[in-house]
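Enquirer: The structure is given below, and queries will be raised subsequently.
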Amino acid sequence: MVIRQVAARGGCDYAAAMTTRALALTIAAALLPQGAAAHPHVWIDTTVEVVLDDADRAVAVRIGWTYDSFFSLSVIADRAFDTDGDGQLSAAEVAALAGFDMHWPPGVSGDTYALTETRDLVLGPPEDWTAAYDGERITTTHLRRLPKPVEIGTGTFFVQVYDTGFYTAYTIVGHPLLTGGTGACKAQAWEPDLDAADEALKEALKEYSANQDVEADFPAIGRAYAEEVRVTCAAP
């Protein structure tokens, strides 16, 4: 995957650039088979924290999701979390909200992937989850443990966030965090080559005929748009 480093994430300029790109893709996709213009449906600002042990081995990943305002409102309304209809959630209502997005079937990736240069890693199920609502957007967090500590050494530990079918678009915001460790490691956020990702999407959509429902079987293009965190450690 061709990627370029992001010196600083988030902010109005970056959000505006992503909105402009999404609009351009929507217009382009509208000229293609029916349904292609509908992706992505959900936008999530994502935070990534990598937990290290005292030997600078990766042991867990904590993920934060802040959903777009429309999706957040839909969740609050459809699931009747705001029981008194005041536009805010009480402590009891927040407690009911916690975990609404955490009950995954076995084997589901949770749109979070951990890997090294040589192998894909398995993340455990979500745990230690939280939820909050600021009156506009829902934010949830959860922890994913690695089955055993992963040596980073002179290599790189990666965390990627993406939805294979691109139903959801994830943007890593802020600076990724490292918890624990000796202080010898650093984490940096990287973004994909968006021009290459756009071309890959356009090429994939060309394979569909005009009467195909692209929405029902959208190409597995999400990885092309994957943002990632890279953790490296100073050589001993």
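The values are calculated or read from the model by the stated rules, or taken from the named source; none is laboratory data. Predicted model, so just to flag it, every value in this text is computed and none were measured. In case anyone asks, the SASA skips ligands and DNA or RNA and just uses the protein heavy atoms, side chains included. Shrake-Rupley method; radii C 1.70, N 1.55, O 1.52, S 1.80 Å.
Enquirer: Give me a comma-separated list of calculated 3J(HN,Hα) values for the range 158-175, in order, Karplus coefficients 6.51, -1.76, 1.60 applied at θ = phi - 60°, integers in Hz, x for any Gly or Pro.
Expert: In residue order, the calculated couplings are 10, 10, 10, 10, 6, 9, 3, x, 6, 5, 10, 9, 9, 10, 6, 10, x, 8 Hz.
Enquirer: Just read off the accessible area of Trp65 with the full protein assembly in place, 1.4 Å probe, to the nearest 10 Å².
Expert: Ignoring ligands and nucleic acids, Trp65 comes out at about 10 Å².
Enquirer: Give me the percent of the accessible area of the range 46-178 that comes from carbon and sulfur atoms, probe 1.4 Å, all protein chains in place. Kindly include the intermediate steps, with their values, before the conclusion.
Expert: Working: 3540 of 6420 Å².
So the carbon and sulfur contribution to the accessible surface is 55 percent.
Enquirer: Please list, ordered by chain and number, the residues whose modelled amide H lies under 5 Å from the amide H of Ala60; skip anything fewer than 5 residues away on the same chain.
Expert: Val51, Leu146
Enquirer: Using a probe radius of 1.4 Å on heavy atoms only, what accessible surface per residue do you get for the range 60-212? Whole Å² is fine.
Expert: Values: 7780 Å² over 153 residues.
Accessible surface, normalised per residue, equals 51 Å².
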